[in-house]
Each structure stands twice: as C-alpha cells, then as structure tokens.
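Input: a single structure, listed below in structure tokens.
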Amino acid sequence: MINHITALESCWYNSPPWGEVMPALAAQIQEKVFLANSDLSGYCYGVHWENQEWIYAIVCLGETLYLPQSEFYPTKIFNNIVVAPPAFELGDVVEVDFSEQPMQRIIQGIFHLKNSWLYAVEWHSPILEEKPSQQSRIIWLADVDLVRAMNEKGTRS
C-alpha cells in the first residue's frame, strides 16, 4: 500500500513554485535600485520566491528591506565590488540532507552576505496543510550543505 503523504513529501519539489517558466528578475544581485516612495537608493543583495512573486533583499542605510518589484526602480548600475560567483543558480535542483535520505529541492532564493552565498529551499511541502505558525517553509543554507542533483543522464546537472 502507498503512503500518500510520504509520496507527496518525496516528490513535490519536481514542480517549481513559479510554474514552468521562471519569471525574470527585476533587479540583479549588486544592482543599485531607487526606492519608489523616497529619494533613497540601495543595492540588491538577494532574492527569493514568496507569495507568487520575487521578493528582493535591498540593503539601504545599513538596513535590509524585503520588497516586491513594485516598490523600487532598477538602474542597471552595479556595485563594483568583486565577488565569487554563486555555486548554484535560481531553479537549480540540489540535494539536501534533511532526514535519513537526502531530498531533492529547487533553489528558490539566493542571497549574498559577507562574501558568502546563501540559498533558499523549501524544507516541507507547500501543499500540506499545517497548524498556523510564523515559521517559514523556506530555509536558507550555505553551498556546503547542498549537492547538485543528478540529471536523467546520471551526471551532475
């Protein structure tokens, strides 16, 4: 007999939350942006998928603001600080060791923090109903906690 909850938990990652085509980003990491309701500017240091849209981490005056695209204007001007490229990109399938067997998940966010990259993956299914809580389904992990998943050909994608 099939345990449907176990089956759902083991395969829900196959469909990215944004659908078949990943929506384009309004701002790239390290791009300067202007806040819509002020004359302040900041830089984009991360992005993650939440409530059917990209939410951007904008650092402005030492504070990190989490804003949707409608609350800032991109400039196509980039911070000239050189950083190593991230190990993973949005939409990459990775293996995460949450339990006895590693589970595959999709990178749904990326954040640059103090010369390190953090990656957002969902740690439990968004479909399963749970008791209301303030805890997010997203967990942020370093690249050392992730392994690129095997593709259909048996090689790392």
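Just so it is clear, none of the values below were taken in a lab; they were calculated from the coordinates. Model, not experiment: these values are computed from the prediction. Here the Cβ is made from the backbone with ideal geometry for all residues, glycine too, and neighbour counts use every protein chain on show.
Side notes on the structure shown:
- Pairwise FRET efficiency - Glu95 versus Ser38, Cβ, R0 = 41 Å, nearest 0.05: 0.45
- Rounded to whole Hz, the Karplus (6.51, -1.76, 1.60) HN-Hα couplings of the range 64-79, x for glycine and proline: 9, 9, 10, 10, x, 4, 5, 9, 8, 10, x, 10, 6, 9, 10, 4
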